[in-house]
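**Student:** Structure below; questions to follow.
The values are calculated or read from the model by the stated rules, or taken from the named source; none is laboratory data. All values reported here derive from a predicted model rather than from experimental measurement. With ideal geometry, Cβ positions are generated from the backbone for all residues, glycine too; neighbour counts draw on all protein chains shown. The area values use the complete protein model at the heavy-atom level, side chains included, leaving out ligands, DNA and RNA. Shrake-Rupley method; radii C 1.70, N 1.55, O 1.52, S 1.80 Å.
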Amino acid sequence: MDLGDKRREARTVLLAERLADRPTASLPGACGGWAETQGAYRLFRQESFDWMDLLEPHRACTTQRMASHPVVLCLQDTTELDYNGQQIKGLGPLSYEAQRGLYLHPTLAVSPEREPLGVLDAWMWAREPKDEDGTRPGEKESRRWVEGYERVAELAEQLPQTRLVYVGDRESDMLELMVQAHDGGYRADYLLRAQHNRALPDGGKLWAEVRASEVLGELNFILPPTKTRKARSVRQQLRAKRVTLSDRRGGTLQVTCLIASEINPPKGETPIEWRLLTNREVKDVDAASELVDWYRARWEIELFFLVLKQGCRVEALQLSTVERLEKALVLFMIVAWRVARLMRLGRTAPELDAALLFSPEEWQAAYILAKKRPPKQAPTLNTVIRLIAGHGGFLGRKCDGEPGMKTLWLGLQRVRDFAEGLQFAQSLQGT
């Protein structure tokens, strides 16, 4: 970290630790007393550095983690942060002109196995109010998708042994982005959910052309639950075709359109269909299934937003300017990534040594709070995560599956508080 002052850097590390210990608390509630709280506010008021300086150390570590993977998915999406009613200078309108807040558009790196590797980048901006004629001044917001791909492609040059895949939802379906990737020699792949049924040079339509092609095979998976639907099994037919699109500059480019259509959905359920665009060639069902699995990993950024908003409660931050708010958001993004990564590793690598991710005081505290004697050697990661989640409301019944993020972040707070007590008690014994 380079913020121009060693004391300032130490303050940043301490504040990040405090926020990680108590992600749902207010800023004063997370800090250890009034002096620490004042120090946090002074840090956010500093004008000698900006939020990108705070993110850079985490970004460098994320890049190191990415280097050990043959493929990394770079997920991008946008979320609204609603600060309506708060006196924060620099806010702008949201979906409704009367709402006040700002937008956050991060790039979250994850492995194909869905392990969150870190936050690579972010855009944070407040919209300009509309003019009298109903137009909104300023740069086009859609530009962030193209610039997002450009930055991923630049990073790909630093990671020659890792293939980066830029993954976006419908809003990223932009010809400008695909042309940019083509002109750059596809330094990074892209995988976009199609929004536009484009016209083909021969006069046909894209989606009809793909649907008329032969079925490559089928794919089965479990669709995760949301607030409006239960988890259910999904069976899809896969079709893919390489097509030529006009680049609107007098030339053409080749893309693959993949359509995954659900077969026989349950009565009353809308069939799940994804239309995806990619620069990669799809020659068989395995290649098509891999792309669908990669797109399904986009759900990780939705979980990341869930932790950020509900776990870290960033929409409750009370800071006087957008510039100060942006610095706080960077620290909370790193905290949200840590919570998401712990949950995912507990599922995908349950036999890892818990000491790799928790201090002795933390995993011992999880046992003691559960009224269990801590083992002499560090247990497995999944064992500790289930204990921690139990302190956040996870029941651990056979039908409950593995802990979710909410129970994990709630349990972490109790465990960290108790761990601090253990550390203090141990220090007293040594005096």
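**Student:** Once amide H atoms are placed 1.01 Å from N in the peptide plane, what residues at a sequence separation of 5 or more from THR252, or on another chain, have their amide H within under 5 Å of its amide H?
**Tutor:** Here ASP247 satisfy the definition.
**Student:** While we're here: Test of the criteria: in the range 276-368, which GluC sites (Glu not before Pro) are in a DSSP loop and have at most 16 other Cβ atoms within 10 angstrom of their Cβ? Working shown, then result.
**Tutor:** Working: sites: GLU281, GLU290, GLU300, GLU302, GLU315, GLU323, GLU326, GLU351, GLU361, GLU362; in loops: GLU281, GLU351.
Of the GluC sites (Glu not before Pro), the ones in loops of the range 276-368 whose Cβ has at most 16 other Cβ atoms within 10 Å are GLU281, GLU351.
**Student:** Roughly what angle does helix 6-21 make with the longest principal axis of the chain, taking Cα atoms, 0 to 90 degrees, to the nearest 10?
**Tutor:** Taking the Cα atoms of the chain, the angle to 6-21 is about 80 degrees.
**Student:** Given a cut-off of under 8 Å on Cα pairs at least six residues apart, what relative contact order in percent is computed for the range 119-269?
**Tutor:** Dividing the mean separation by the residue count of the range 119-269 yields 15 percent.
**Student:** Cα gyration tensor of the range 289-431, axes a ≥ b ≥ c as square roots of the eigenvalues: rounded (a/c below 1.5), prolate (a/b > b/c) or oblate?
**Tutor:** Judged from the Cα gyration tensor, the range 289-431 comes out oblate (a/c at least 1.5, b/c at or above a/b).
**Student:** Using Cα atoms only, what is the angle between the long axis of helix 34-45 and the major principal axis of the chain, expressed in degrees (0 to 90) to the nearest 10?
**Tutor:** Result, in degrees: 30.
**Student:** Choose one of LEU395, SER246, LEU175: the residue whose Cα lies farthest towards the positive end of the charge dipole of the chain (beta-carbon charges +1 Lys, Arg; -1 Asp, Glu; about the Cα centre).
**Tutor:** So the residue furthest toward the plus end is LEU395.
**Student:** Give me the one-decimal nm value for the distance between modelled label points at LEU428 and GLU17, 7 Å along each residue's Cα-to-Cβ direction.
**Tutor:** Each label point is offset 7 Å from its Cα along the Cβ direction, giving 2.0 nm.
**Student:** Given a 1.4 Å probe and every protein chain left where it sits, what share in percent of the accessible area of the chain is carbon and sulfur?
**Tutor:** About 49 percent, which is the carbon plus sulfur part of the accessible surface.
**Student:** Highest mean first, what order results for 191-204, 252-265 on Cβ atoms within 10 Å?
**Tutor:** My ranking of the peptides, most packed first, is 252-265, 191-204.
**Student:** Keeping all protein chains in place, calculate the accessible area per residue for the chain (probe 1.4 angstrom), answer in Å².
**Tutor:** 48 Å²
**Student:** For the chain, what is the mean residue ellipticity at 222 nm derived from helices alone (per DSSP H run of n ≥ 4: -39500 (n - 2.57); sum divided by total residues; nearest 500 deg cm²/dmol)?
**Tutor:** Rounded to the nearest 500, the figure is -12500 deg cm²/dmol.
**Student:** With θ set to phi - 60° and the Karplus curve 6.51 cos²θ - 1.76 cosθ + 1.60, what are the ³J(HN,Hα) couplings of the range 28-33 in order, to the nearest whole Hz, using x for Gly and Pro?
**Tutor:** Couplings: x, x, 7, 6, x, x Hz.
**Student:** Which one of GLY148, GLY101, PHE49 has its Cα pushed farthest toward the positive end of the charge dipole of the chain, where Lys and Arg give +1 and Asp and Glu give -1 at the Cβ?
**Tutor:** GLY101
**Student:** First check a/c for the range 166-223, with a ≥ b ≥ c the square roots of the eigenvalues of its C-alpha gyration tensor; if it is under 1.5, answer rounded, and if not, answer prolate when a/b is larger than b/c or oblate otherwise.
**Tutor:** Verdict is oblate for the range 166-223.
**Student:** Would you mind checking the tilt of helix 381-390 against the longest principal axis of the Cα atoms of the chain, expressed as 0 to 90 degrees and rounded to 10?
**Tutor:** It works out to around 70 degrees.
**Student:** Restricting to bridges with both residues inside the chain, how much of the DSSP beta-bridge set is antiparallel, in percent to the nearest 5?
**Tutor:** Roughly 80 percent of the DSSP beta bridges within the chain come out antiparallel.
**Student:** Still on this structure: Quote to one decimal, in nm, the extra length available between TYR96 and ARG8 on full extension: 0.36 nm per residue of separation minus the C-alpha distance between them.
**Tutor:** In short, 27.8 nm is gained.
**Student:** While we're here: Counting other Cβ atoms within 10 Å, which trypsin sites (Lys or Arg not before Pro) in the range 225-293 have at most 10 and lie in a DSSP loop?
**Tutor:** Answer in residue order: LYS227, LYS230, ARG248, ARG249, LYS267.
**Student:** ASP400 to SER68: extension gain in nm, 0.36 nm per residue of separation minus the Cα-Cα distance? Intermediate values should be presented prior to the final figure.
**Tutor:** Values: separation 332, 0.36 × 332 = 119.52 nm, distance 3.27 nm.
Residue separation times 0.36 nm, minus the Cα-Cα distance, leaves 116.3 nm.
**Student:** On average over all directions, what projected area in square nanometres does the range 109-171 have, based on the convex hull of its Cα atoms? List each step's numbers first, then the result.
**Tutor:** Details: hull surface 23.0 nm².
Computed as one quarter of the Cα hull surface, the answer is 5.7 nm².
**Student:** Working only with C-alpha atoms, what are the Rg and Dmax values of the range 141-272, expressed in angstrom?
**Tutor:** Every Cα atom of the range 141-272 included, Rg and Dmax give 17.1, 49 Å.
**Student:** A follow-up question, please. About its Cα centre, what dipole magnitude does the chain give when the only charges are +1 on Lys and Arg Cβ and -1 on Asp and Glu Cβ, stated in debye to the nearest 20? The partial results should precede the final answer.
**Tutor:** Details: 61 positive and 59 negative charges, 303 e Å.
That gives a dipole near 1460 debye.
**Student:** Give the relative contact order (percent, whole number) for the range 285-431; include only Cα pairs under 8 Å separated by 6+ residues.
**Tutor:** Details: 141 pairs, mean separation 31.5, N = 147.
In percent, rounded to a whole number, it is 21.
**Student:** To the nearest 20 Debye, how big is the dipole of the range 283-431 about its Cα centre, given +1 on the beta carbon of each Lys and Arg and -1 on that of each Asp and Glu?
**Tutor:** It works out to roughly 520 debye.
**Student:** So which of LYS89/LYS309; LYS372/LYS406; LYS140/LYS283; LYS130/LYS205 end up more than 28 Å apart by C-alpha?
**Tutor:** Flagged as over cut-off: LYS140/LYS283; LYS130/LYS205.
**Student:** I would also like to ask the following. Taking R0 as 35 Å, what's the FRET efficiency between ALA349 and TRP34 from their Cβ-Cβ distance, rounded to 0.05?
**Tutor:** Computed FRET efficiency for ALA349 and TRP34: 0.30.
**Student:** What are the equivalent ellipsoid semi-axes of the chain, built from the alpha-carbon gyration tensor (square roots of five times its eigenvalues), in whole angstrom, biggest first?
**Tutor:** Working: eigenvalues 315, 161, 80 Å².
Rounded to whole Å, the semi-axes are 40, 28, 20.
**Student:** Just need log10 I(q)/I(0) for the range 38-125 at q = 0.11 Å⁻¹, Debye formula, equal scatterers on the alpha-carbon atoms, no solvent, rounded to two decimals.
**Tutor:** -0.45
**Student:** Using 0.36 nm per residue, how much length does the chain from LEU175 to GLN318 gain when fully extended, once their Cα-Cα distance is taken away? Write out the running numbers ahead of the final one.
**Tutor:** Numbers: separation 143, 0.36 × 143 = 51.48 nm, distance 3.98 nm.
Gain on stretching LEU175 to GLN318: 47.5 nm.
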